[in-house]
Structures are given as structure tokens and as C-alpha cells.
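I have placed the structure first, in the form of C-alpha cells, so that the comments after it can refer back to it.
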């Protein structure tokens, strides 16, 4: 009997003794609890029924996305076929993969957890009827019951562009957010999905307006339960942002998807007095590159020619351009019918050369970083960011929105919180404390002393921790 058959036989033998694991997760305050956690624990974000028009649907129908330790002995085994779904009397084996194994060897091994996925190829006629699944760990003889998120798979494919925004934490720049969202509102065929850990009250109230208009979907980012022996947050790079970006992809059925920060804009050179719609531009390119899975835009910093931030929005009309050397990978519009997972710049598991990068004379990415836009620059190419009609529209829109949300927003760009976060997030602090991203408790104490914040866990309806599966 080969090893796989032996494992499968053992799983059947032990099925009577499999108990549902009880995840007594910590509160939204990340208080320390007596939860059983170790390097073999899995931290599940969600389990999805995969839309049939997605590329991965050729090989799977149900997908789980989770965080796991780089040293998880079960995942390290080859083959790592230890997660199964049991439906009636039949077992379906899961295929497990890691997003970026190289991350486990970076940052002096301070980053020890990475995003993983597990795909189950269950016949569609069975999978589409399933509302809950029991995922079984055949090594620990335990199981966990998960609700299957079927919303995307049961929806018509959205023919517009879904913008997934990385996690916002201690974010207070309402003006930057307003410019970003109004840009996509003008595009007319986009939906924005934002995940957040902490927002200023002004930003939160502004976002609630856009939620009501259906432009924005706002999700509180999940927390990790913390035990006396393990704090997953300290081991996770960038709060595990990629798990939320792929949650964004599989929670919605969208033909096109892009990962963008709120200081980034696609820009198509039209040579006219009116901007060209970016998605329509990309759609015209698809027949010219039929095998391409993503279309990439080279990134350029912009600095406003007029540095005076005032309510006329004249400052936002013209900018100076310079090559963004740090963000050399740019950003992409990705076809979900040709990729399995998304990354920050390109599809996960694909390199820049696998896609089509537009010439800078065709289309670019404008990167309006807060530490660049007000820099005094000379002898650089100029670019017209806003047309006069768009500027006037911004003035009218801001006045209208302020009335709708019953608040007068202070017309300032920021202020930036970077200096305040140095005590808990600087490279020196992280290395000394042996944490991957931030000393979260120290950050929270510092930021709470500065002002009021709306935290993800304040959303009692939608917030939930990761589900631990041992």
C-alpha cells in the first residue's frame, strides 16, 4: 500500500474520533488568551466557491485561503496532501500551495508566516450546493467546519474593474482618499474594495458616503488571536496583505482586477481634451495580445507644480513627472480568466515579462506619494493631471459631500503619520524587537495618544478574527 493510500485509510479509521475544534478566539482588542496555537496551526480567512469564469475553476471548485507558519511540518512534507473535505462518504483531497516561499528566508527570519491556499476539486454539481464544509486534518485527526462563501460564484461576472486596496492602518488623509475615489467615480466602470485596520473619523465618515453610493465596499481587516506562546502578528509581513487582496478577488466575480494604493492613478495619453477611460483602453488591447494575463503600467512620481493646497483644487491640475525607481514593477490590470491569484504588482507566480507593459507614450501609472507631491522640482516633464472641467467638478463634489455627511473637512493634505509610527515600525525597531512588521501594541498606544481612531474591531457586525485550525 503506498503512502497516500495509507494516510487515506487512517483518516477513515479515525473519523469517528474527529472532534470539532473549538476556536475561542480573542476579542478585537487582541487580548492574550489560552488558545492552543503552534507552528502547525492554520489561520483561515475564508473558504470560497470559485466562480466558473475564473481561471482556477478548470482545476478546482472550492478554495481556502489561510496564513501558515513557514516551518509547518505538515505543509513541508512532500506531498503535503493532509487536508481533505468529506461530503457524505467521499473524501476530496486538497492541493496546498504557498504564495512566496522566499519570504521565509528574508528579514533575518523575522517574517515566519506567509499566505497559503488549498484547492479542492469537487464536482461542480456537488460543490455548488454545498453551504458548509468540514475540512479534515488527517495528521491531527481534527476537523473544522467552514461556511462556504458562494456570493461571487452565484453572481454574474462584473464587466468593470474591481480595485482592491491594501490594508489601511492609522490612515488620516481624507483629501488623498477623496481625490482617489472621485477619479474612479469619473471612470464610471469601477468598484473599490478597501480593507482597514484603523482610520481617522474624517476618513471613515467620508468612506461611509461612498459605501452608500455603491462605489466602495469597506471591510474591517481580521485580527490574529494571540496566545501566551505565539503572536502571529509579529511574524507576518505587512499584516499579511496578500491574503486580503485575494479575499477581495474571490469575494467578487469580476472580469478585471487591479491592486492599487490610494495614491496611484492609471493615466492614458489620449492627446485630446478629454481623458480616455482606462479599462476601455485595456479592452481594446486584449485582442492584440490574446495570451496575455495582465497589462502593466510603468510608475512615475508626480509632484504638483502648484504646491499650495487650497479648496479650488488648482494644485491638482499640473504635475512634474519623474521615474519611480522604487516601484519599478508598476501596477497592472489583471484578467481573472487567466490567473489564479493576485499579487501587489502582477498576478502572483508571474513576472513582469509574462505580461504586456505599455509604452510610456501610451499609458502610465501616476504615483502621488505624499512625500513627493509637494516637493519643489525643476526641469522635469509636465503632465496635465486634471482638466478644468474635472477641477470644477471636484469643487462641487466636495461641497455636496460635506453637506451629505454633515461635516466640514479641514483642507489639509495629511498630516503624515510616518514620523509618529517610527517608534514601532522603523527598520531598526523591528530588527531589535525581532518582529516582521510592527510592534502593534506600541503603535496603538502612540497613535491613541495623538487622536481618535476608528478600529476594525469597532465594527461589531462585520469584524471577525481569523479562524484557527489545529
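Give me a count of the residues in region 138-167 that are assigned to a strand (DSSP E or B) and touching a helix residue (DSSP H, G or I) at 6+ places or on another chain (Cβ under 6 Å). Spell out the reasoning first.
Restricting attention to region 138-167, the residues satisfying the condition of being assigned to a strand (DSSP E or B) are 142-149, 158-167.
Then drop every residue that is not touching a helix residue (DSSP H, G or I) at 6+ places or on another chain (Cβ under 6 Å), which leaves 161, 164, 166-167.
Within region 138-167, residues that are assigned to a strand (DSSP E or B) and touching a helix residue (DSSP H, G or I) at 6+ places or on another chain (Cβ under 6 Å) number 4.
Which numbered condition in (1) touching a helix residue (DSSP H, G or I) at 6+ places or on another chain (Cβ under 7 Å); (2) in a strand (DSSP E or B) is the only one that residue 309 fails? Evaluating residue 309 over (1) touching a helix residue (DSSP H, G or I) at 6+ places or on another chain (Cβ under 7 Å); (2) in a strand (DSSP E or B) leaves (2) as the failure. For region 196-244, the set of residues classified as surrounded by fewer than 22 Cβ atoms within 10 Å (Cβ to Cβ) and free of Cβ contacts under 8 Å to residues at least 40 places away in the same chain consists of 210, 211, 212, 213, 214, 215, 217, 218, 231, listed by residue number. Somewhere in region 72-85, is a residue touching a helix residue (DSSP H, G or I) at 6+ places or on another chain (Cβ under 8 Å) and surrounded by fewer than 16 Cβ atoms within 10 Å (Cβ to Cβ)? Looking through region 72-85, at least one residue is touching a helix residue (DSSP H, G or I) at 6+ places or on another chain (Cβ under 8 Å) and surrounded by fewer than 16 Cβ atoms within 10 Å (Cβ to Cβ).
Taking the conditions exactly as written (touching a helix residue (DSSP H, G or I) at 6+ places or on another chain (Cβ under 6 Å), within 21 Å of residue 387 (Cβ to Cβ), in contact (Cβ under 8 Å) with a residue 24 or more places away in the chain and in the same structural domain as residue 183 (by TED's automatic domain parsing)), does residue 268 satisfy them or not?
Here the answer is yes, as residue 268 does meet what is asked.
The set of residues from region 314-325 being crowded, with 20+ Cβ neighbours inside 10 Å and more than 22 Å from residue 362 (Cα to Cα) comprises just one member, 315.
I'm trying to understand the selection: among the residues of region 360-376, which are over 30 Å from the mean Cα position of the chain (by Cα) and either buried (at least 16 other Cβ atoms within 10 Å of the Cβ) or outside any loop (DSSP other than H, G, I, E, B) (or both)? Steps first, answer last, please.
Taking region 360-376 and keeping what is over 30 Å from the mean Cα position of the chain (by Cα), we get 376.
The answer is none; no residue qualifies.
From 252, 284, 357, grab the single residue that is modelled with pLDDT of 95 or more, surrounded by fewer than 22 Cβ atoms within 10 Å (Cβ to Cβ) and more than 23 Å from the chain's Cα centre (by Cα). Outline the logic, then answer.
Details: 252 fails: more than 23 Å from the chain's Cα centre (by Cα); 357 fails: more than 23 Å from the chain's Cα centre (by Cα).
Among 252, 284, 357, only 284 is modelled with pLDDT of 95 or more, surrounded by fewer than 22 Cβ atoms within 10 Å (Cβ to Cβ) and more than 23 Å from the chain's Cα centre (by Cα).
Evaluating residue 289 against the criteria (1) under 30 Å from residue 393 (Cα atoms); (2) more than 25 Å from the chain's Cα centre (by Cα) leaves one unmet condition, (1). Just so you know, in region 313-324 the residues that are in contact with a strand residue (DSSP E or B) (Cβ under 9 Å, 6 or more places away or on another chain) and in a loop (DSSP other than H, G, I, E, B) include one that is farthest from residue 352 (Cα to Cα), and it is 317.
Residue 151 meets each of the listed conditions (1) over 14 Å from residue 456 (Cβ atoms); (2) buried (at least 17 other Cβ atoms within 10 Å of the Cβ) apart from (2).
Residue 333 passes every criterion in (1) touching a residue at least 60 places away in the same chain (Cβ under 8 Å); (2) crowded, with 17+ Cβ neighbours inside 10 Å; (3) part of a loop (DSSP other than H, G, I, E, B); (4) within 27 Å of the chain's Cα centre (by Cα) apart from (3). Going residue by residue through region 403-420, is there one that turns out to be touching a residue at least 40 places away in the same chain (Cβ under 8 Å), within 22 Å of residue 212 (Cα to Cα) and either in contact with a strand residue (DSSP E or B) (Cβ under 6 Å, 6 or more places away or on another chain) or in a helix (DSSP H, G or I) (or both)? Yes - at least one qualifying residue is present in region 403-420. Look at residue 120 and say whether it is buried (at least 17 other Cβ atoms within 10 Å of the Cβ), closer than 18 Å to residue 244 by Cβ and in contact (Cβ under 8 Å) with a residue 12 or more places away in the chain. When the stated conditions are applied, residue 120 does not pass them. Against the list (1) part of a helix (DSSP H, G or I); (2) in contact (Cβ under 8 Å) with a residue 60 or more places away in the chain; (3) surrounded by 13 or more Cβ atoms within 10 Å (Cβ to Cβ), the condition residue 442 fails is (2).
The values are calculated or read from the model by the stated rules, or taken from the named source; none is laboratory data. Everything quoted here is computed from the prediction, not taken from an experiment. Methodologically, a virtual Cβ is constructed for each residue, glycine included, from the backbone with ideal geometry; neighbour enumeration extends over all protein chains shown.
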